[in-house]
């Protein structure tokens, strides 16, 4: 077993806060590892410690047998072999893509400009950016910038590549192109550690999944183990929540557009078609206003929680809503001809459920797919 | 630029054409005229007796009287004839009407106390003596009727056996008492010097403004007051006057008819062509430019040097830098200039222009340092991290990737700071550097015409400022990476 990276009892403290308590890990050469977990669980911090951008409070990191946390360690030399891709690309402003790519090999490895250029050109060609070689960062889209940043990191021929949420800052339309490039690299026996929120991608690309919680590697295993049969409670909750959409409302003037935006994103994540997505939006909007008017008088304090669940097995959507106020079951109301909202709800509901327990209205409905 | 010049030309035409002065040939023409005079002085009193309907304008200094006359704000001013003769010796282009408006006796003043009375008596005795032996007339000829070249004076070797007289004067009234090469000289000075020699006194001269001097004498704080003081009944109530040492005719001074050229061309000739005064403007401009450029170079280097030290992040060092920075930020440039000139460098004997460069370098570096500090914060830490992750050292990453961006981002603010430096150099005249502004002042003091020299330096400053802007704009284009061609980006690489 060829271990390229070994982490022992790694701990990081920021004053009182301890994002990472105790991490132990061995990474084999050529392994692709996806790191998932809720925000604030120290995933990025962990990654940034692996190339010395953050100093651990305790513990050791051995990279190719060398302790990079040791006092005499020349971090600059280590970093040449550890590539990093950042969430916000971090291309150097004022330099073209090609200059970004060749700066480090020319300056640090003494590669001739010509050789560096030839090499970069091949890489740019492979990531589909040949035409953008002479563009400046502000002349490129986010996806293009991230691809250029990957080329920049690849130019140093790193032993290991660290991806710190490489698609989180991207427009959804550009996620695909970047993921495609990373997939391509993964097939080339590169060792990679990828912090990501793209679950499908993580599942597809990784040999191993690390789930971070409570300041440690809470659970790890193959993608199938983690995604299909998580064992520990937090993993289960996290994997489940990935299929949830949740929105709280506490005022009549809530931001409807923002909510709809989030619903659309949620729907896109599961590849729902546009009509189903629109149906979901309509139902959410109508049920919210129906309940706002039915349960609350003007001036009442409003507390409402909307949840949307995607049931992968059936490929259908379920929506549930909880709210206070007086008891009100919209589905019992008579529908007059001009009451469109009730008509819509009743029309799209495959099944529905209502209860009023302990002063809380609960509505659950399944939305008919188109 | 064209618009600005247009505005200046318009201003020139409006003011330059000037107000045509009243034709004045005799006292009668002054009956209802505006007449300048020392406020409340004997010359005004005499003139009022003759010209009760005239309108009097009080002006304290001879230079003000002349300037107002030149600009036709007054039609004439009244003054003792000796003063006017002196002005003519100095080349000031004025005339006076031959008729006298009345005689004004002049003498020394003493406090109304025992010592004052004694001195006054001795002085009266002395005056009678020198009147009789012709010495007084000789002194008058020398000081009141000759030009500067004949007015020699060295202080006598005085024994001071009877004590030292404290003498107070304004020292602004040539030829009676005035400053020449940092020594007070004049008709009254030599006369009292001889008095002291005769009566066994030594003396020291203290300078104070006229009113303060009168008060000092009244209160007995000094022994003698002199300033071509006119003997007035009002003043006699509170102080003692010796016998008149001179009687001045009150004359009405008017603009010279023969040669005075008040047309725009004439004024330009006087201000700029005569005595090659345009060379002064050129010299001033070159000094202003030299100080500015030197300050820009040193100030910029200084700020970068300090900032690079600051970046190292040593807490104690940064604390000191911050403290100095904050302190200096709160000091007006003018004050800093005086501070360096009179305290820090006073013993080193550096040329004043070096002091100016030091001060303006510091002032510029204060601004640029602050810009750099803020500018670095505005560039996301991410790019530095990206460079680090590739294996660059912190310093190399900063110099290669971050600093060029800071410079580009701040350049327009930097340009403003440079222009401010150029503008602020106008104050160096205060420490005797003969820059552009100072030269205009000097010309104005000689010609009593403020407009032409000031409008000239306004244009020169404008030109200098535009020049600076052109150079910095060119630099800004040069440092914009997007203005590079592909060939330049990858020099020496076969694409």
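The values are calculated or read from the model by the stated rules, or taken from the named source; none is laboratory data. What you are looking at is a predicted structure, and each value in this text was computed from that prediction instead of being measured. No Cβ is skipped: glycine too gets one built from the backbone with ideal geometry, and neighbour counts run over all protein chains shown.
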### Message
Given the options A:166, A:158, name the one that is in a loop (DSSP other than H, G, I, E, B) and either away from every other protein chain (no Cβ under 11 Å) or out of contact with any strand residue (DSSP E or B) (no Cβ under 8 Å at 6 or more places or on another chain) (or both).
### Response
A:166
### Task
Please work out which one of (1) farther than 21 Å from residue B:308 by Cβ; (2) in contact (Cβ under 8 Å) with a residue 12 or more places away in the chain is the condition residue B:350 fails and give its number.
(2)
### Task
Go through B:396, B:381 for me and flag whichever is over 49 Å from the mean Cα position of the chain (by Cα) and over 15 Å from residue A:103 (Cα atoms).
B:381
## Note on the structure
The helices (runs of 4 or more DSSP H) lying wholly within region B:173-284 that contain at least 2 residues that are surrounded by 15 or more Cβ atoms within 10 Å (Cβ to Cβ) and at pLDDT below 85 are B:264-268
### Task
Check whether at least one residue in region A:357-366 is at pLDDT below 85, buried (at least 16 other Cβ atoms within 10 Å of the Cβ) and farther than 17 Å from residue A:259 by Cβ, and report yes or no.
no
### Message
Just to be sure I understand the filter: pairs with C-beta atoms under 6 Å, separated by 6 or more residues or on different chains, first member in region B:199-222 and free of Cβ contacts under 8 Å to residues at least 40 places away in the same chain and assigned by TED's automatic domain parsing to the domain that holds residue B:115, second member in a helix (DSSP H, G or I) and crowded, with 17+ Cβ neighbours inside 10 Å. Which pairs pass?
### Response
none
#### Entry: Residue satisfying condition, being at pLDDT 95 or above and under 21 Å from residue A:3 (Cβ atoms), within set A:193, A:185
A:193
### Criterion violated by residue A:138 - all others in (1) modelled with pLDDT under 95; (2) more than 26 Å from residue A:118 (Cβ to Cβ); (3) not in a helix (DSSP H, G or I) satisfied
(3)
### Query
What residue, of A:97, A:104, A:153, is surrounded by 16 or more Cβ atoms within 10 Å (Cβ to Cβ), touching a residue at least 40 places away in the same chain (Cβ under 8 Å) and within 7 Å of chain B (Cβ to nearest Cβ)?
A:104
### All strands (runs of 3 or more DSSP E) inside region B:53-151 with 2 or more residues being under 31 Å from the mean Cα position of the chain (by Cα) and in contact (Cβ under 8 Å) with a residue 60 or more places away in the chain
B:76-80, B:94-96
### Task
Considering each residue of region A:82-94, count those that are more than 7 Å from chain B (Cβ to nearest Cβ) and surrounded by fewer than 24 Cβ atoms within 10 Å (Cβ to Cβ), and give that number.
1
#### Entry: Residue satisfying all of: in region B:366-393; closer than 23 Å to residue B:300 by Cβ and surrounded by fewer than 19 Cβ atoms within 10 Å (Cβ to Cβ); modelled with the highest pLDDT among these
B:370
#### Entry: Residue match in region A:49-60 (condition: away from chain B (no Cβ under 12 Å) and part of a helix (DSSP H, G or I))
yes
